[in-house]
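**Student:** Questions regarding the structure given below will be posed in turn.
What follows is calculated from the coordinates using simple rules that are stated; it is not laboratory data. Fair warning: this is a prediction, and the values are worked out from it, not measured in the lab. Positions of Cβ are generated from backbone atoms using ideal geometry, with glycine treated the same way; all protein chains shown enter the neighbour counts.
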There are 4 protein chains.
Amino acid sequence: MIDFSITLSPRLYETDAMGHINNASIAAWFEVLRVRFMESLDVDALGRSWILASVHIDYVGETFYGEDVTGRIVDAVVGNTSITFHGEMYQGERQTLKGTAVLVHMEYETKTTVRVPDAYREAINSRRNA
Amino acid sequence: MIDFSITLSPRLYETDAMGHINNASIAAWFEVLRVRFMESLDVDALGRSWILASVHIDYVGETFYGEDVTGRIVDAVVGNTSITFHGEMYQGERQTLKGTAVLVHMEYETKTTVRVPDAYREAINSRRNA
Amino acid sequence: MIDFSITLSPRLYETDAMGHINNASIAAWFEVLRVRFMESLDVDALGRSWILASVHIDYVGETFYGEDVTGRIVDAVVGNTSITFHGEMYQGERQTLKGTAVLVHMEYETKTTVRVPDAYREAINSRRNA
Amino acid sequence: MIDFSITLSPRLYETDAMGHINNASIAAWFEVLRVRFMESLDVDALGRSWILASVHIDYVGETFYGEDVTGRIVDAVVGNTSITFHGEMYQGERQTLKGTAVLVHMEYETKTTVRVPDAYREAINSRRNA
């Protein structure tokens, strides 16, 4: 388990005509969460060699405008050439979202997947054991 | 199987510093595809009583700026209180994306799930058999 | 003069293929600044009866990813039926953006402009004299 | 005068809780219009050496979801180191938006403004006289 969190303030333009936070904005929030977590590892800030392979989001509760959202990375599992991130979002104590994303490590020149560098592996595993 | 398609032209602001179409924009494209399909059923244009329950997107190939994207609904399965949409996106003959979304039908006043109206059931099933 | 500020952290998806923060994201940031200022007046949180009449943005310096942005409302001038907002954005000491927006106060039922309520007038003028 | 137009279909996520198309989306539409016009000149598709200096948008009428928008470049004036674009948007016969943007031509290595290449000058002026 990992305990990394960020705070997001819903923006008025992120609402839609239904009065909810739009689902595209929520996909964007999970990207913010994932990027901030990766940057916090202090290995390679922009992670230019990562490709998003898949995203899954469960909308477990409504997200309202006017209340801060806490985004948490609750786990990150390093495979051979990929990392799977498990995230959750809350408004107060109430869970609103659950998401999973898989990033694949690529070598741009050859467009092939390559082993996740040990620096990431160690940085993430030390967080998991913290 | 269903054969419904729309064309999307990637926009420059939908690219990011990596030079790819950003994943949040892609989640937005799948919403456009789903909404246009629902509107095409001509049952209830805005679908105000539908709540997104989950979204899953597989990034099966790179999406490039400068080439139109064809978004297809390839199937839609009506359950008791929900509809599951299966979509795909292509640039030319090359598949770039695959997505699944589940919409749940809600009664706003009581915030409870209610059976998908027969009008939707019939409209979708007539498309599946077309 | 008014001294109201917020902090914004540029998000990776707000960059574009040129490596800059996209100008549409910057228009969105000015909306966030304006809305947070209006909410801070504690008169009418969502301001449902305000219509944006015009926006002007000068891109006075490049905005980079990876550094927080400070958005400031430096003045707000209340007219008869409108409010003109003057904003600025900075990365550190360096000014990156300057913007002006005019919001018009509308009565929705009749779709006519109506005088800015005194509660806003007083709240804004007390900020200007603070 | 120039006569260049594109069609944009408002997307549901571009609406906000007020039920209007959000102003940040409209700034994005003007970028789409400007970029498509520049691409149509067939001089340098991505225009990597252009920096946005300023944007001005007048919201002259409400933009509604559910009706296509026609964006027009009505004029483009080439200065020494910049181009000023004049655009308009319509829903049917009804004008909804008016916008002006100034792009400055930059040499990236030296970060100085440089004269607009003659190829752009000629391409734009031949459109103005068409």
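**Student:** Label-to-label distances across copies for C:Thr100, with labels 7 Å out along Cα→Cβ, in nm, shortest first?
**Tutor:** Counterpart label points of C:Thr100 in the remaining copies fall at 1.1, 5.4, 5.4 nm.
**Student:** With everything on Cα atoms, drop me the angle between helix C:23-40 and the longest principal axis of chain C, reported from 0 to 90° to the nearest 10.
**Tutor:** 40 degrees
**Student:** Can you list, shortest first and in nm, the gaps between the label point of A:Thr113 and those of its counterparts in the other copies, using a point 7 Å from Cα in the C-beta direction?
**Tutor:** When each copy's label point is compared with this one, the spacings are 3.2, 5.0, 6.0 nm.
**Student:** While we're looking at this one, here's another question. How large is ³J(HN,Hα) for each residue in the range C:75-86, as worked out from phi by the Karplus curve 6.51 cos²θ - 1.76 cosθ + 1.60 (θ = phi - 60°), to whole Hz, x for Gly and Pro?
**Tutor:** Karplus-based 3J(HN,Hα) across the range C:75-86 equals 6, 8, 10, 8, x, 5, 10, 9, 10, 9, 9, 10 Hz.
**Student:** Could you line up D:Leu41, B:Leu103 from fewest to most neighbouring Cβ atoms inside 10 Å?
**Tutor:** D:Leu41, B:Leu103
**Student:** Which residue fluctuates most in the GNM of chain D (Cα springs below 10 Å): D:Phe30, D:Phe85, D:Phe64?
**Tutor:** Maximum fluctuation in the GNM of chain D, among the listed residues, is at D:Phe64.
**Student:** Further, regarding this structure: Restricting things to Cα coordinates, could you compute the convex hull volume per residue of the range C:4-128 in Å³?
**Tutor:** In the range C:4-128, the Cα hull volume divided by residue count equals 108 Å³.
**Student:** Got a sec? Charge dipole of the range A:42-126, +1 on Cβ for Lys and Arg, -1 for Asp and Glu; which of A:Ala123, A:Val78, A:Thr110 is way out at the positive end?
**Tutor:** A:Thr110
**Student:** Taking the Cα centroid of the range B:57-80 and of the range A:46-118, what is the distance between the two, rounded to the nearest whole Å?
**Tutor:** Using only Cα atoms to place each centre, the spacing works out to 20 Å.
**Student:** Still on this structure, please answer the following. How high is the relative contact order of the range A:4-128? Use alpha-carbon pairs under 8 Å, at least six apart in sequence, and give a whole percent.
**Tutor:** 27 percent
**Student:** Leaving out same-chain residues fewer than 8 places away, which aspartates and glutamates sit with a Cα under 20 Å from that of A:Lys98?
**Tutor:** Counting by Cα, and skipping residues close in sequence, A:Lys98 has these aspartates and glutamates nearby: A:Asp3, A:Glu14, A:Glu31, A:Asp58, A:Glu62, A:Glu67, A:Asp68, A:Asp75, A:Glu88, B:Glu31, B:Asp58.
**Student:** Further, regarding this structure: Please find, in a Gaussian network model of chain C (springs between Cα atoms separated by less than 10 Å), the residue of C:Thr70, C:Thr96, C:Thr81 whose mean-square fluctuation is greatest.
**Tutor:** The residue with the greatest mean-square fluctuation here is C:Thr81.
**Student:** Here is a follow-up. Of B:Ala17, B:Ala119, B:Ala53, which is the most mobile in a GNM of chain B whose springs link Cα atoms less than 10 angstrom apart?
**Tutor:** Answer for the Gaussian network model of chain B: B:Ala17.
**Student:** Compute and list, largest first, the equivalent-ellipsoid semi-axes of the protein assembly as shown from the alpha carbon gyration tensor, each √(5λ) rounded to a whole angstrom.
**Tutor:** Square roots of five times the eigenvalues give 34, 29, 27 Å.
**Student:** Kindly provide the helix-only [θ] at 222 nm of chain A, computed as the sum of -39,500 (n - 2.57) over DSSP H runs of four or more divided by all residues, to the nearest 500 deg cm²/dmol?
**Tutor:** About -7000 deg cm²/dmol.
**Student:** I need A:Lys111, A:Lys98 ordered by Cβ neighbour count within 10 Å, fewest first.
**Tutor:** Ascending Cβ contact count within 10 Å gives the list A:Lys111, A:Lys98.
**Student:** So, with +1 on the Cβ of K and R and -1 on the Cβ of D and E, and no other charges, what is the size of the charge dipole of the protein assembly as shown about its Cα centre, to the nearest 20 debye?
**Tutor:** 0 debye
**Student:** Beta carbons within 10 angstrom, averaged per residue: use that to sort the peptides A:2-8, C:104-110, highest first.
**Tutor:** Those peptides, ordered most packed to least, come out A:2-8, C:104-110.
**Student:** Counting other beta carbons within 10 Å of each Cβ, put B:Val77, B:Val116 in order, fewest first.
**Tutor:** B:Val77, B:Val116
**Student:** A follow-up question, please. Compute the Cα gyration tensor for the range D:79-130, then decide on rounded, prolate or oblate, letting a ≥ b ≥ c be the square roots of its eigenvalues: rounded whenever a/c is under 1.5, prolate when a/b is larger than b/c in the other cases, and oblate in all that remain.
**Tutor:** oblate
**Student:** May I ask you to work out the translational diffusion coefficient for the range A:29-98 at 20 °C, viscosity 1.002 mPa s, via Stokes-Einstein with Rh from the Kirkwood sum over Cα pairs, reported in whole µm²/s?
**Tutor:** In µm²/s, the coefficient rounds to 161.
**Student:** Does anyone have the angle between helix A:118-128 and the longest principal axis of chain A? Alpha-carbon axes, 0 to 90°, nearest 10?
**Tutor:** It is inclined by approximately 40 degrees.
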